[in-house]
1. Tally time: how many residues in the stretch 11-42 are assigned to a helix (DSSP H, G or I) and either farther than 27 Å from Thr125 by Cβ or in contact with a Pro (Cβ under 8 Å, 6 or more places away or on another chain) (or both)?
2. Checking Lys21 against (1) within 19 Å of Tyr95 (Cα to Cα); (2) out of contact with any helix residue (DSSP H, G or I) (no Cβ under 6 Å at 6 or more places or on another chain); (3) open to solvent by 30 Å² or more (accessible area, probe 1.4 Å), which single condition isn't satisfied?
Amino acid sequence: VFYAKSVLGDPAVKEAYELMKKDFKAKSAYGAAVADFLKVPKIVRVNAENYKGNVGNLIYIVAEVNGKILDMDVQILRADGTVVESGKATALKDYWQYEVKVANANVAGSKLVIKAADRPGKVTTFESVL
């Protein structure tokens, strides 16, 4: 309740929660803000089929609630755990997108690690072997 009251004074935040109320099954922006505070962000789908280790390959990420996640970091690790690259994904209308910036000659066994943070500050991690 404190969280909802503290953030809804900002018109942009209130508008964001107005848009999310259906996803949270809430009747108001206030209800959506409370639900947001109580719910951990969740990544429901990652499409890395086009990742071939080439610069410019795109990785697509879908969150459970559109608009809940405000920041997303993507890391690609080699099979031995060393970092190939890391960077920020870009929020688009209904999904997030990460554009590969570093070539990776050994894709097999590489790992994708995605960390997503929401407005209340909760972070979730998604990991997948490529």
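The values are calculated or read from the model by the stated rules, or taken from the named source; none is laboratory data. What you see is a predicted model, and the numbers here were worked out from it, not measured in a lab. Quick reminder, even Gly has a Cβ in these numbers, built from the backbone with ideal geometry, and neighbours come from all protein chains shown. Areas reflect the complete protein model, heavy atoms only, side chains present, ligands, DNA and RNA absent. Shrake-Rupley method; radii C 1.70, N 1.55, O 1.52, S 1.80 Å.
1. Here the count works out to 10.
2. Checking Lys21 against (1) within 19 Å of Tyr95 (Cα to Cα); (2) out of contact with any helix residue (DSSP H, G or I) (no Cβ under 6 Å at 6 or more places or on another chain); (3) open to solvent by 30 Å² or more (accessible area, probe 1.4 Å), the one that fails is (2).
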